[in-house]
1. What ³J(HN,Hα) values, in whole Hz, does the Karplus curve 6.51 cos²θ - 1.76 cosθ + 1.60 give for region 42-56 when θ = phi - 60°, with x put for Gly and Pro?
2. Provide the FRET efficiency to the nearest 0.05 for the Asp93-Leu33 pair, computing r from the beta carbons and using R0 = 30 Å.
3. Tell me, which longest segment in the chain has none of the GluC sites (Glu not before Pro) that fall in DSSP loops with at most 10 further Cβ atoms within 10 Å?
4. Report the label-to-label distance for Asp84 and Lys118 in nanometres (one decimal), using points 7 Å from each Cα along the Cα→Cβ vector.
5. Between Phe27 and residues 5 or more places away or on another chain, which pairs have amide H atoms under 5 Å apart, with H built 1.01 Å from N, and which residues are they?
6. With runs of 4+ DSSP H residues as the only contributors, calculate the mean residue ellipticity of the chain at 222 nm using -39,500 (n - 2.57) per run, divided by the residue total and rounded to the nearest 500.
7. Work out the length of the dipole vector of the chain about its Cα centre, built from +1 on the beta-carbon of each Lys and Arg and -1 on the beta-carbon of each Asp and Glu, and round it to the nearest 20 debye.
8. What residues qualify as long-range amide H neighbours of Val222, i.e. H under 5 Å apart, gap of 5 or more or another chain, H built at 1.01 Å from N?
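All of the numbers you see were taken from the coordinates with simple rules; none came from a lab. Bear in mind that the values here come from a model prediction, so they are computed numbers and not experimental data. Because the Cβ atoms are built from the backbone with ideal geometry, glycine has one as well, and the counts that use them run over all protein chains shown.
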Amino acid sequence: MKLKEIIEFLEGKIPESLALENDEVGFKKDYDLEQDITIIKIYMDLLPQENKNYKNTLIITHHPPLFTPKTPTYTIHSNWDIIDGGANDALADTLNLDVIDYFDDETNIGRVCKANQKFIELKQSILDKFSDVRIVNNLADEHIIKKVGIISGFGLKPPKYITLAKNKNVDILISGDLTQETAILAKNLGITLIDLNHHDSEVPGLHALGDLLAELNITIEVIDEKPIEQLK
């Protein structure tokens, strides 16, 4: 399949125009769009050791590379977070939560989900799927959770999202990138935060993107390499 045909497919499914202002999506430089592509490699982050000249390969990254790759590399970032069926909906599916609304109405980042379950049930569902989990404002096991906010990636970093969680009357906000500042803000507002870490909260979206690209009937490879290791 020609590279230009794949890009046309991607633009039809996940338009670059949906991306937030100043977000780096698409190509970092011009590549030969007439070249044949037989494999697509999907990365969260393209690291220097992977900056190789792969033949007949398209690399797709979720986060924009910090260098100009040798192999054709196309970035799908906030447009994948925003679009229906993208990274945020994939996270909701992984957590078995039903989406009922957008979290941030201005950008459509994040989702609000209905739960109607005991906290112990939600907690177990999270721990069954995620291994690096932190919590602010732990809840009693029997506490009934009715609304959950989820944001794939960075949602526990901006203080405005913690305040928005309060305004949206969600019981819990699940995302990544928890900071001391937002933890203290959540303590003051009485909002429960669950930090899955940035990378892990976006992995469901990586696999959902692979499933979408499977429609092309060429080889798809999802490479899940965490940039941060735990000290043991």
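1. Along region 42-56, the couplings run 10, 10, 6, 9, 8, 9, x, 5, 9, 7, 10, 9, 6, 7, 6 Hz.
2. Values: r = 33 Å, r/R0 = 1.11.
Working from the Cβ atoms, E equals 0.35.
3. Numbers: sites that count: Glu21, Glu34, Glu106, Glu142, Glu229.
Answer - 143-228.
4. Placing both labels 7 Å beyond Cα along the Cβ direction yields 3.6 nm.
5. The answer is Thr75.
6. Working: 7 runs with 70 residues, N = 232.
Value at 222 nm, helices only: -9000 deg cm²/dmol.
7. Numbers: 24 positive and 39 negative charges, 128 e Å.
Result for the chain is approximately 620 debye, rounded to the nearest 20.
8. Ile42
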